[in-house]
Amino acid sequence: MTKKKTDALFVPVFKRDETLFTHGKGCRLYDSDGNEYLDFGTGIAVNALGHAHPKLQKALQKQGNALIHLSNLYYTPAQIDLAALLVKNSFGKKVFFCNSGTEANEAAIKFARKYARTISSEKFNILSFTDGFHGRTYGALSATAQVKFHEGFHPLIEGFHYAPFNDIAAVKELFAMYQFAAVFVEPLQGEGGVNAADKEFITFLRNICNEHKTLLVFDEIQCGMGRTGTLWNYEQYKITPDIMTLAKPLGGGLPLGAVVTTEAVAQVMAVGDHGTTFGGNPVACALGAAVLSTVADKQFLKEVREKSTCLLRQLGELKKSYPAIESVLGKGLLLGVRMKDDPAAIIAACKAGGLLLIKAGHNTIRFLPPLTVKKGEIDKAVKIFSGVLKKTFQ
């Protein structure tokens, strides 16, 4: 079927190219013509263990043969196992499962507003930050401080306010004007351009939230689960949030999101306050337990940091050679190369050379390899990228 005929089948909300990917193994993807690609996009940070990982294959087969779906009127062993792993390996005491990152943030908004009503009926506002991305449904969209995602969808939900990322003075000013139920922050912004929160800024947010009885929500949907070299990005700031939202790698490639929260927040929610038909699906949870138990291993995380150092060093060398590179950003294996101009042509040329990369805000090229990527694959990816830069700028 031609691309024109294929496009005719779908609502046109994605810009897809004509490549038809058929299978993958590890860091490699293969298309219907037999071409091989290094996957440094990993389904937008979803495939943390790469493609066709043996642990995921085993978990998929075992759970698929046992139970595929059961409503949340009942527990399943897979759901209990993953919830227990999340509690054991994080600050949280309670877990709510859903199907995606945007659903996790929607739930977190509701949790925060319900909690805030125990303090004051006027305490309903939500603060988030420029270049953040929290999802596309109306609550999560309203928390996303990027105008391009809002166009055509007004009016947004009342009570959402935005401050410049890493701007302490702006946050102080808004707290003087409004009563906030929660502050939402991506400690390392992905979609917005691979922007890291300053430690001083995060420490300030924790302190001002404590002072005003406001919940601090960390959106670790893209930067969590080992992506930044620690299991959770919040660990690098030496503070804990009140709520953490997760998705992307959590389900091992199947739709799964989660809200991890404190006992105090969970206690305000009652039966019927929120719900989901598919959230906590047994197969997704079985895959999630396989991913989390693998990624939480200290040796595994050490290797992520080592591979990050290798990739950062090589990208830093390229920056010295090409003035078109403005900066190299990020942590762990969520890295960005910010170009001075639109990098779309560079990304397309890399794909033609066998390397898949993803564009982000502010002319940034995201490097999101599987956490299992091999150093030889990093070297090959940089060689392809370097070759494209050479052809483009010399």
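Can you check what the net charge comes to around Ala145, using other residues whose Cβ is under 15 Å from the Cβ of Ala145 (Lys, Arg +1; Asp, Glu -1)? Intermediate results must be reported in sequence, preceding the final value.
On the way: positive: Arg136, Lys148; negative: Asp131, Glu151, Asp167, Glu186, Glu191, Asp219.
With Lys, Arg at +1 and Asp, Glu at -1, the neighbours total -4.
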Karplus (6.51, -1.76, 1.60) ³J(HN,Hα), θ = phi - 60°, over region 77-92, in Hz, Gly and Pro reported as x: x, 5, 5, 5, 4, 5, 4, 5, 5, 5, 5, 4, 9, 8, 6, x
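What value does the chain have for Rg/Rh, both radii from Cα atoms and Rh as Kirkwood defines it?
My calculation of the ratio gives 0.96.
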Sorted by Cβ neighbour density within 10 Å, fewest at the top, the residues His23, His134: His23, His134
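Of the cross-linked pairs Lys331/Lys374; Lys25/Lys374; Lys319/Lys359; Lys114/Lys213; Lys331/Lys351, which ones have a Cα-Cα span greater than 20 Å in the structure shown?
Numbers: Lys331/Lys374 17 Å; Lys25/Lys374 13 Å; Lys319/Lys359 18 Å; Lys114/Lys213 13 Å; Lys331/Lys351 23 Å.
Distance filter (> 20 Å) returns Lys331/Lys351.
State, as an integer percentage, the relative contact order of region 54-295 based on alpha-carbon contacts under 8 Å between residues 6 or more apart.
Numbers: 469 pairs, mean separation 74.2, N = 242.
Reported relative contact order: 31 percent.
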Per-residue HN-Hα couplings for region 191-201 [Karplus 6.51, -1.76, 1.60; θ = phi - 60°; Hz; x = Gly/Pro]: 4, x, x, 6, 9, 8, 6, 5, 4, 4, 5
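Per DSSP H run of n ≥ 4, the term is -39500 (n - 2.57); total these for the chain, divide by its residue number, and report the mean residue ellipticity at 222 nm rounded to 500 deg cm²/dmol. Numbers along the way, then the final one.
Numbers: 14 runs with 154 residues, N = 394.
About -12000 deg cm²/dmol.
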Simple spin-label estimate for Lys114 and Ala344 in nanometres, 7 Å along Cα-Cβ: 4.3
Within the chain, percent of DSSP bridges classed antiparallel, to nearest 5: 65
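Could you please report the charge total around Glu263, scoring K, R as +1 and D, E as -1 over all other residues with beta-carbon less than 13 angstrom from its beta-carbon? Show your work: numbers first, answer last.
Numbers: positive: Lys93, Lys94; negative: Asp242.
My count for the surroundings of Glu263 gives +1.
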For His134, residues with placed amide H under 5 Å, excluding near neighbours: Thr144
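Go through region 329-394 and name the trypsin sites (Lys or Arg not before Pro) that are in a DSSP coil and have 13 or fewer other Cβ atoms within 10 Å of their Cβ.
Values: sites: Lys331, Arg338, Lys340, Lys351, Lys359, Arg366, Lys374, Lys375, Lys380, Lys383, Lys390, Lys391; in loops: Lys340, Lys374.
Sparse-neighbourhood loop trypsin sites (Lys or Arg not before Pro): Lys340.
The numbers here are math on the coordinates, done by the rules we state, and not lab data. The model shown is predicted, which means the values in this text are computed figures rather than measured ones. Neighbour counts are summed over all protein chains in view; Cβ atoms, including those assigned to glycine, are modelled from backbone coordinates with ideal geometry.
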